[in-house]
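A.B. asks: One structure coming up, written as structure tokens, with questions to follow.
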Amino acid sequence: MKNTKTRSRPSSARRGIRTARTDSHTYSDAVADLVEIGKGFYARGWVLGTSGNFSAVISREPLRLAITSTGLDKGSLAPQQFLEMDEAANVVRGDGRPSAEALLHLAIARGVDAGAVLHTHSVWSTVLSGSHASQGGIALEGFEMLKGLEGVRTHKHREWLPILENSQDMIELGERVSKTLRDTPGIHGFLLKEHGLYTWGAGLQEAKRHVEILEFLMEVLVRSGAAQSA
Ligand SMILES: [Zn+2]
């Protein structure tokens with residue numbers, strides 16, 4: 001299984017292995033990076049108590065994502081705890097079960113052509129997404145750190161971070177995520193109310209940078225008291 005190389009390998013079909021899987025090398029590279037990201041985010045307190053989930057697009061046509069299985073400690077992920085899933089969240093590689101939120105990862109991968117999607121449950125995103133829910137989002141403006149967001153060149157940039165009502169119905173929530181991505185082009189992430197942050201990037205390193213920038217800015221807003229007056 002680990003040595004199954006390409007989707008065109010004829011012997012894989014004879015052995016009953018589903019042939020639409022992506023190249024093992026691409027998959028294992030993405031998984032290795034996601035393991036490291038999990039350790040770092042856990043250490044920062046952004047994915048405690050098995051919260052959060054991470055994915056990387058490893059094939060566009062057909063759409064395939066490497067994603068964390070559900071319910072795992074993100075500080076000590078092992079490569080075998082990842083899955084490869086297709087565009088309908090069916091598992092095509094690995095033994096675990098995808099998180100219910102896998103549908104949101106797919107909505108983002110499709111909606112903004114993201115190459116990686118990272119989801120965290122920090123204290124700061126939980127506080128801010130509750131306190132600002134009635135305004136529908138949070139405006140981030142005037143901070144030098146905004147320049148860490150892809151395409152942003154000046155601290156004068158105004159970044160809108162939409163807040164969506166939380167839900168356990170991932171089909172319905174996935175539709176609202178897709179609508180938000182259509183209606184607010186250019187955003188770098190969004191919050192689910194009293195739940196957490198979703199952000200993304202062209203690749204994993206860009207997505208990781210966006211988590212760091214947005215978490216930094218949310219922490220600044222709460223610690224400075226600036227968020228209370230909004
Ligand atoms: Zn979550």
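The values are calculated or read from the model by the stated rules, or taken from the named source; none is laboratory data. Since this is a predicted model, take the numbers as computed values, not measurements. Cβ atoms come from the backbone with ideal geometry, glycine included; neighbour counts cover every protein chain shown.
A.B. asks: Quick one: which strands (runs of 3 or more DSSP E) lie wholly within the range 38-125 and hold at least 2 residues that are within 16 Å of the ligand (Cβ to nearest atom) and either under 15 Å from the mean Cα position of the chain (by Cα) or not basic (K, R) (or both)? Don't jump to the end; show me each part of the working.
C.D. replies: Values: elements: 53-59, 64-68, 82-85, 91-93, 116-120.
Ranges flagged: 53-59, 64-68, 116-120.
A.B. asks: Could you check the range 131-230 for strands (runs of 3 or more DSSP E) lying wholly inside it with 2 or more residues that are surrounded by fewer than 18 Cβ atoms within 10 Å (Cβ to Cβ)?
C.D. replies: 137-141, 158-164
A.B. asks: Looking at the range 148-175 only, could you name the residues that are small (G, A, S) and in contact with a helix residue (DSSP H, G or I) (Cβ under 9 Å, 6 or more places away or on another chain)?
C.D. replies: Within the range 148-175, G148, S167, G174 qualify.
A.B. asks: Could you grab the pairs with beta carbons closer than 7 Å, sequence gap of 6+ or different chains, first residue in the range 108-123 and at pLDDT 95 or above, second one acidic (D, E) and within 16 Å of the ligand (Cβ to nearest atom)?
C.D. replies: That search, which allows pairs on different chains as well, returns H119/E101; T120/E215; S122/E215.
A.B. asks: If you scan the range 176-196, which residues turn out to be in contact with a helix residue (DSSP H, G or I) (Cβ under 8 Å, 6 or more places away or on another chain), without any contact (Cβ under 8 Å) to a residue 60 or more places away in the chain and more than 16 Å from the ligand (Cβ to nearest atom)?
C.D. replies: Taking the range 176-196 as the starting set, the residues that turn out to be in contact with a helix residue (DSSP H, G or I) (Cβ under 8 Å, 6 or more places away or on another chain) are 177-178, 181-182, 187-196.
Going one step further and asking which of them are without any contact (Cβ under 8 Å) to a residue 60 or more places away in the chain, we end up with 187-190.
Once the filter is applied, which keeps residues that are in contact with a helix residue (DSSP H, G or I) (Cβ under 8 Å, 6 or more places away or on another chain), without any contact (Cβ under 8 Å) to a residue 60 or more places away in the chain and more than 16 Å from the ligand (Cβ to nearest atom), the range 176-196 yields I187, H188.
A.B. asks: While we're here: When you look at N90, is it at negative phi and surrounded by fewer than 17 Cβ atoms within 10 Å (Cβ to Cβ), yes or no?
C.D. replies: yes
A.B. asks: Moving on. Being touching a Pro at 6+ places or on another chain (Cβ under 7 Å) and touching a residue at least 24 places away in the same chain (Cβ under 8 Å), is that true of even one residue in the range 207-218?
C.D. replies: Looking only at the range 207-218, we keep the residues that are touching a Pro at 6+ places or on another chain (Cβ under 7 Å), and these are none.
No - not one qualifying residue is present in the range 207-218.
A.B. asks: Taking the residues in the range 160-174 that are free of Cβ contacts under 8 Å to residues at least 40 places away in the same chain and more than 15 Å from the ligand (Cβ to nearest atom) as candidates, determine which candidate is farthest from S51 (Cα to Cα).
C.D. replies: Applying the filter and picking the extreme gives W160.
A.B. asks: For the range 80-100, which positions are among the basic types (K, R) and within 16 Å of A30 (Cβ to Cβ)?
C.D. replies: Passing the criteria: only R93.
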